[in-house]
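Comments concern the structure below.
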Amino acid sequence: QLQLVESGGGLVQPGGSLRLSCAASGSFFSTYAMNWYRQAPGKQRELVAHINSGSTTLYADSVKGRFTISRDNAKNTVYLQMNSLKPEDTAVYYCNTVISGSYYWGQGTQVTVSS
């Protein structure tokens, strides 16, 4: 059973930066496409960033130019570098992958952007 464990969330002032990490178990991490989602209170979960096995990336329009997704296959880890954070980025951030039609989620990490 694949496990995903996020870390790196916290409280940051507007304009600040955070780096989220998601560590995956298992031996086939390099073959997985990985996603970061977020869910703000009262809102639906939304896709923030995607990286495939070839490290091609996609971003939501709301984070383009501010967030960067990357992966380190040697460490079975995907990252989300978040710069120029805004209060509207406040949410629980989740790591996700889909393997053979099965969805895998981490437990989430809270990011709060506030002065």
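Observations on the structure shown:
- Given (1) over 15 Å from Cys95 (Cβ atoms); (2) open to solvent by 80 Å² or more (accessible area, probe 1.4 Å); (3) not in a loop (DSSP other than H, G, I, E, B), number of the condition Ser30 does not satisfy: (2)
- Any hit, segment 94-114, residues being of a type in the set (Gly, Ala, Ser), in a loop (DSSP other than H, G, I, E, B), in contact with a helix residue (DSSP H, G or I) (Cβ under 8 Å, 6 or more places away or on another chain) and in contact (Cβ under 8 Å) with a residue 40 or more places away in the chain: yes
- Single match in Val48, Val98, Val78 (criterion: more than 17 Å from Gly9 (Cα to Cα), touching a Phe, Trp or Tyr at 6+ places or on another chain (Cβ under 8 Å) and aliphatic (A, V, I, L, M)): Val98
- Residue that is farthest from the chain's Cα centre (by Cα), among those in segment 13-27 that are within 15 Å of Thr77 (Cβ to Cβ) and open to solvent by less than 60 Å² (accessible area, probe 1.4 Å): Gly26
- Here Asp89 clears all of (1) under 28 Å from Gly15 (Cβ atoms); (2) open to solvent by 70 Å² or more (accessible area, probe 1.4 Å) except the condition numbered (2).
The values are calculated or read from the model by the stated rules, or taken from the named source; none is laboratory data. Being a predicted model, the structure only gives us computed values, none of them experimental. No Cβ is skipped: glycine too gets one built from the backbone with ideal geometry, and neighbour counts run over all protein chains shown. Side chains are part of the model used for accessible areas, which takes the heavy atoms of the whole protein and leaves out ligands, DNA and RNA. Shrake-Rupley method; radii C 1.70, N 1.55, O 1.52, S 1.80 Å.
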